[in-house]
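The values are calculated or read from the model by the stated rules, or taken from the named source; none is laboratory data. What you are looking at is a predicted structure, and each value in this text was computed from that prediction instead of being measured. Positions of Cβ are generated from backbone atoms using ideal geometry, with glycine treated the same way; all protein chains shown enter the neighbour counts.
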Amino acid sequence: MLTYGQARNKVIEQVAKARRPPTSASVSVWDALGLVLAQEVKTDREYPPFDRSTRDGYAVRSKKISPGAGLKCVGEIKAGDTVREALAAGSCVQIMTGAAVPAGADAVVMIEHTQREGDLVRFAQAAQRGQNIVPRGSEARAGQTILTPGTRLGFAELALAAQVGAAALQCAKRPRIAILSTGDEVVLIDKQPGEFQIRNSNSVSLAAQVRIAGGEPVVLGNAADRVEDLGEKIERGLKEDALVLTGGVSMGKYDLVESVLKAMGAEFFFDAVAIRPGKPAVFAVCQGKPVFGLPGNPVSTMVTFELFVAPAIDLLSGSEARPLPLLEARLAEALNERPGLTHFLPAHIEWHGGAPEVKPLKWQGSGDITALGKANCFLVVLGEKEKIGAGEMVSVLLRKDVV
Ligand code: AMP
Ligand code: MG
């Protein structure tokens, strides 16, 4: 059986092979958060466009400044002022943060290190050439590529595009991810379930996870545990960029997803992973499309999506698969889990200064959404270790939707 890391690598390898370059559209920078760039963005001029002061103070010739030196202040330059005149010999000029440093000046002395007596400015210490000045073109040269295709647009990338005047960006269209739940016991969420039925919460959590991962959910509803109904709905799902099914992948008599996919010509890359919850997770490529069969228990569905579907959505967006957001935390109380599988336990992580502390939450197993509603992370207990003492460092997979 594959470890979750091996299974994840299989997904990445196969989706990278099967994917076609995404189509793109022009999107305003105001609306492009989280999209993947499909063009190069180049600078329109030097950055900064002039030698920029990073402090409020005095622009000087550094050679002239020594402890106790005095210079006549001949004016002031504020941010946005046009600066054409060079600094006259033997003088200084008051300058503000973000303003252009005049020719001739090669340093800015912070106002805190000076004393003003009328027109005369006294300096407390020597000045270094270049201090508190960002030279023209030192952040980026004119015409330089600053953003490349495949870049995920976060707030900094959007600011960079805005800075160079790229008000609209060619972005990859979000991959369309079909979501199909299965099971005779599953009813629509706005229906009153019978005593032995359950509402289709998986399609809701999956749609949310698809959105967070950068995809466009296409919710196809629920298929009954019957070959024909499953076949029809899977066929429909394969029209999208990828298909995510829940339920019907365990060993039960009515777990038909794998056999239906097989009959449709799917190539399977795994149908079990050494994890708990989520062990029966399936990954196949069918008619050129990635297909995920996630176990139906809600927490299994959520965990296996994060591990296996999220990186596929990255790739289908024209980007790289982002690493799992794992971090190290101190275990608050001792743990005892069966070895062999890697466990993903609902847990709560807190920061009190120093290393974060993580506490496993009481839960009733992979059907327990109530426990997950109190969790902000999964505690990752690696397969080889049975007992972990309080205070030991453990791995934590953040729920990036709430942390
Ligand atoms: P399965 O993987 O089909 O054996 O399903 C396991 C269990 O997951 C079922 O008994 C249900 O309790 C639950 N389940 C399956 N599908 C859904 C769904 N769409 N929404 C919520 N729970 C589900
Ligand atoms: Mg089922």
- Task: Return the pairs, sorted by first residue and then second, in which the second residue is away from ligand 2 (no atom under 16 Å from the Cβ) and assigned to a loop (DSSP other than H, G, I, E, B), the first residue lies in the range 197-210 and is assigned by TED's automatic domain parsing to the domain that holds residue 367 and at negative phi, the beta carbons are less than 8 Å apart, and the residues are 6+ apart or on different chains.
- Result: none
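Looking only at the range 252-276, which residues are within 21 Å of residue 222 (Cβ to Cβ) and assigned to a loop (DSSP other than H, G, I, E, B)? Don't jump to the end; show me each part of the working.
Step one: list which residues in the range 252-276 are within 21 Å of residue 222 (Cβ to Cβ), which gives 252-261, 263-264, 266.
Across the range 252-276, the qualifying residues are 252, 253, 254, 255, 256, 264, 266.
Can you tell me which residues in the range 19-32 are part of a helix (DSSP H, G or I) and buried (at least 16 other Cβ atoms within 10 Å of the Cβ)?
Keep residues of the range 19-32 that are part of a helix (DSSP H, G or I), which gives 29-31.
Hit for the range 19-32 is 29, nothing else.
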- Message: If the requirement is being in contact (Cβ under 8 Å) with a residue 60 or more places away in the chain and part of a strand (DSSP E or B), which of these qualifies: 309, 285?
- Response: 285
- Tally of residues being within 10 Å of ligand 2 (Cβ to nearest atom), farther than 13 Å from residue 291 by Cβ and touching a residue at least 24 places away in the same chain (Cβ under 8 Å) across the range 225-254: 4
- Query: Of the residues that sit in the range 151-169 and are surrounded by fewer than 17 Cβ atoms within 10 Å (Cβ to Cβ) and under 20 Å from the mean Cα position of the chain (by Cα), which one is farthest from ligand 2 (Cβ to nearest atom)?
  - Reply: 159
- Query: Given 242, 224, 266, which one is hydrophobic (A, V, I, L, M, F, W, C), surrounded by 15 or more Cβ atoms within 10 Å (Cβ to Cβ) and closer than 26 Å to residue 325 by Cβ?
  - Reply: 242
- Evaluate the range 344-353: report whether one residue or more is in contact with a Leu (Cβ under 9 Å, 6 or more places away or on another chain) and either modelled with pLDDT under 95 or assigned to a loop (DSSP other than H, G, I, E, B) (or both). no
- Output the number of the condition that residue 115 fails; it satisfies all remaining conditions of (1) surrounded by 15 or more Cβ atoms within 10 Å (Cβ to Cβ); (2) over 30 Å from residue 318 (Cβ atoms). (1)
- Message: Looking for something closer than 23 Å to residue 319 by Cα and assigned to a loop (DSSP other than H, G, I, E, B) - is there at least one such residue anywhere in the range 175-193?
- Response: yes
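Could you tell me whether residue 259 is among the hydroxyl-bearing types (Ser, Thr, Tyr), out of contact with any Phe, Trp or Tyr (no Cβ under 8 Å at 6 or more places or on another chain) and closer than 21 Å to residue 306 by Cβ?
No; evaluated as a whole, the condition is false for this residue.
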- Task: Would you check which residues across the range 255-264 are among the acidic types (Asp, Glu) and more than 10 Å from ligand 2 (Cβ to nearest atom) and list them?
- Result: 258
- So residue 169 fits all but one of (1) in contact with a Lys or Arg (Cβ under 6 Å, 6 or more places away or on another chain); (2) more than 16 Å from ligand 1 (Cβ to nearest atom); what number is the exception? (1)
